[in-house]
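The values are calculated or read from the model by the stated rules, or taken from the named source; none is laboratory data. Note that this is a predicted model, so its numbers are computed, not measured. Glycine also receives a Cβ, built like all others from the backbone with ideal geometry; neighbour counts cover every protein chain displayed. SASA here: full protein model, heavy atoms, side chains in, ligands and nucleic acids out. Shrake-Rupley method; radii C 1.70, N 1.55, O 1.52, S 1.80 Å.
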Amino acid sequence: MSGTSGSDHRVVTAFEHPGEGRKRAKSTPKGRQVDPQALTEVEALLDGRSYQRDLLIEHLHLIQDYYHQISAAHLAALADLMKLSFAEVFETATFYAHFDVVKEGDSSIPPLTIRVCESITCAMLGAEKLFHELTATAGPQVRVVRAPCVGRCDTAPVAEVGHHFVDNATAEAVLAASAAGDTHAHVPDYIGYDAYKADGGYRLLEHLRSGSTTPDAIIDALDGGGLRGLGGAGFPTARKWKSVRGMPGPRLMAINGDEGEPGTFKDRFYLEHDPHRFIEGMLIGAAVVEATDVYIYLRDEYPAARTILETEIPKLPPGGPVIHLRRGAGAYICGEESSLIESLEGKRGLPRHKPPFPFQVGLFGRPTLINNVETVYWVRDIVEKGGEWWKAQGRNGSVGLRSYSVSGRVKNPGVKLTPSGLTIRELIEEYCGGMQDGHAFHAYLPGGASGGILPAHMDDIPLDFGKLEQYGCFIGSAAVVVMSDHDDVKDAALNLTKFFEDESCGQCTPCRSGTQKAVMLMQGGLWNRPLLTELAKCMRDASICGLGQAASNPINSVMTYFPEEFPAAEAAE
């Protein structure tokens, strides 16, 4: 633009009205603002801790533990301190069930939460009645919510008051614990460091570190015994260790202590009774693959085990890898190894596509050895006693020992250490004292929620890897739930499918929508069996991970093995 000389000439921008002078826009901060008080509060909680990205979930736990909820203001303050976007922090916090995120405008959450387990065994033994009684009587300062399996199926029904578990719960006992302020975990008696070491503990680890025992000798012993992963997949342990050892370093190790399969509680049992046998096996594995760091991912429902590990790990002699103890936050999907890795990195537990596999590209992009708690628990015994000792323990053609988590309608539920390959009849009669009085054996889950349901007359199948697959079932983590003639298998299948619906991470449509549609079809009274069969096939064939792939197993089992459960009209669908 041109004008008379000496005049104040300038270009008119597209954002100004012609003929008007420049107007200064009102200065208004953009985006979510950080509340100074919330920032001060979060800074005080973190108290000099690192702000590294993978600690996001740990820091969310600190806020949740202190305030019993997580406000939007605290999320914004945490995001600011960790140099993350609010969206990153929000989506992670809301992914996990144990973070109570209070959105702007929502009412504050009561200071005490009571969680009532509603998974299969607790449901069989009165959880619904307990939930309604507590809801009606708990009072305004207490929130009562439903919870998935908390890993105490042998003492069902179970309620959690804060972080204190009430076993064989009644409404009166739960309210008494609430009134007394009994909200902290009770730590059971266990074998501590001194007692474990006096019994020969850590001698094998010392021999490995000194060179008097070689990594190859350890691997050979595990291979000779045929130890397989006891978290559910059953992958040969020696082959996994050898694969990780063969990858270029630096390498890491992660322990999967997030057993969330309904009916499973064996890992909790071993952690709460003989933790150093687990720790030594873990450290032997770390030494064999030369891992610089070990990450123990422990489910949040195991506060007593966490207290034990926090007490005992500092007693270990110097040397070896750095041990990081991390808390899960209530997400069953994080038991899947790639989801576990994502969670350890401080993110949502979404399964990764494979390949690459974790032994190639795992935690923080490094080759990572991932083992279940019970798998490494047996390392010392197998190496010291020899692979042949382990091999000789099986029954009915199986190999090794097996820790069955048994719950349901038996007289003596609990963790049963037996020869691997027992049949359900042998397990009930030899180790569980038989069926409860007044109950006749009707059905059983051989491998937890995803392992299917079998009728009582199929009682001669060895409960082991490779024995149940031909029947559309599997042993998984050996979570055995025994049902009687007082229980309805269709109700059980619906309970399990609701569990998978709630626990689906939502990443893939076949699982996210498939579990939801399956629940809708099953709740309608008569089952549309052709449609359920088609839906189950889609979920099995197209889901990203094992959750969606196995979620339909209970449905297929009931339709296949319990024809008497379907009226003639329904059977003709």
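With no solvent and one point on each alpha carbon, what is the Debye value of log10 I(q)/I(0) for the stretch 486-549 at q = 0.15, 0.18, 0.25 Å⁻¹? Normalising to I(0) and taking log10 leaves -0.42, -0.60, -1.06.
Against the chain, whose longest principal axis comes from its Cα atoms, helix 303-312 is set at around 90 degrees. Normalised by the number of residues in the chain, the average gap of Cα pairs under 8 Å and 6 or more apart makes the relative contact order 12 percent.
The packing ranking of peptides 361-374, 47-60, highest mean first, is 361-374, 47-60, where packing means the average number of other beta carbon atoms within 10 angstrom of each residue. The slack in the chain from Thr135 to Thr183, taken as 0.36 nm per residue of separation less the alpha-carbon distance, amounts to 15.5 nm. Across the stretch 373-449, Cα-Cα pairs farther apart than 22 Å form 31% of the total.
Cross-linked pairs Lys197/Lys242; Lys490/Lys517; Lys385/Lys416; Lys391/Lys467; Lys197/Lys315; Lys411/Lys498: Cα-Cα separations exceed 19 Å for Lys197/Lys242; Lys385/Lys416; Lys411/Lys498. Spit out the partnerless Cys residues in the chain, using Cβ distances under 4.7 Å as the pairing rule. Lacking a cysteine Cβ partner under 4.7 Å: Cys149, Cys153, Cys334, Cys432, Cys473, Cys505, Cys508, Cys511, Cys538, Cys545. Across the stretch 425-497, the relative contact order, built from alpha-carbon pairs under 8 Å that are at least six residues apart, equals 34 percent.
Measuring how big the stretch 448-541 is from its alpha-carbon positions, Rg and Dmax come out at 14.1, 39 Å. The mean sequence separation of alpha-carbon pairs under 8 Å and at least six residues apart, normalised by the residue count of the stretch 118-216, gives a relative contact order of 20 percent. For Leu531 and Gln470, a Förster radius of 30 Å and the Cβ-Cβ distance give a FRET efficiency of 0.75, rounded to the nearest 0.05. Quick one, what does Rg over Rh come out to for the stretch 84-223 if you take C-alpha atoms and the Kirkwood Rh? So for the stretch 84-223, dividing Rg by the Kirkwood Rh gives 1.19. Nonpolar atom fraction for the chain, defined as the carbon and sulfur part of the 1.4 Å probe accessible area, stands at 51 percent.
Entry note: the stretch 258-386 has Rg to Rh equal to 0.95, where both radii use alpha-carbon atoms and Rh is the Kirkwood radius. Computed from the C-beta positions of Asp274 and Lys517 and an R0 of 41 Å, the FRET efficiency is 0.40 to the nearest 0.05. For the stretch 392-523, how big is the tail of P(r) above 19 Å, as a whole percent of Cα pairs? When every Cα pair of the stretch 392-523 is considered, 51 percent fall beyond 19 Å. Model label points for Gln52 and Leu316, set 7 angstrom from Cα along the Cα-to-Cβ axis, are 1.6 nm apart. A compact globular protein would have a Cα radius of gyration near 2.2 N^0.38 Å; the ratio found for the chain is 1.10. Projection of the Cα convex hull of the stretch 43-84, averaged over all directions and equal to a quarter of that hull's surface, yields 2.6 nm². Relative to the dominant Cα principal axis of the chain, helix 489-503 is inclined by about 30°. Stokes-Einstein diffusion for the stretch 210-300, with the hydrodynamic radius set to the Kirkwood value over Cα pairs and evaluated at 25 °C in a medium of 0.890 mPa s, equals 172 µm²/s.
Residues with beta-carbon under 14 Å from that of Cys538, excluding Cys538: net charge, scoring Lys, Arg +1 and Asp, Glu -1? It would help to have the intermediate numbers written out before the result.
Working: positive: Arg512, Lys517, Lys537, Arg540; negative: Glu534, Asp541.
Residues near Cys538 contribute +2 overall.
A simple count of charges around Ser243, restricted to other residues whose Cβ falls under 13 Å of its Cβ and scoring Lys, Arg +1 and Asp, Glu -1, yields +4. For the chain, the solvent-accessible area works out to 42 Å² per residue, with a probe of 1.4 Å and every protein chain left in place. Taking amide H atoms as placed 1.01 Å from N in the peptide plane, the amide H of Arg402 lies under 5 Å from those of Thr418, Ser420, each 5 or more residues away in sequence or on another chain. Cα centroid separation, the stretch 55-73 to the stretch 232-286: 28 Å.
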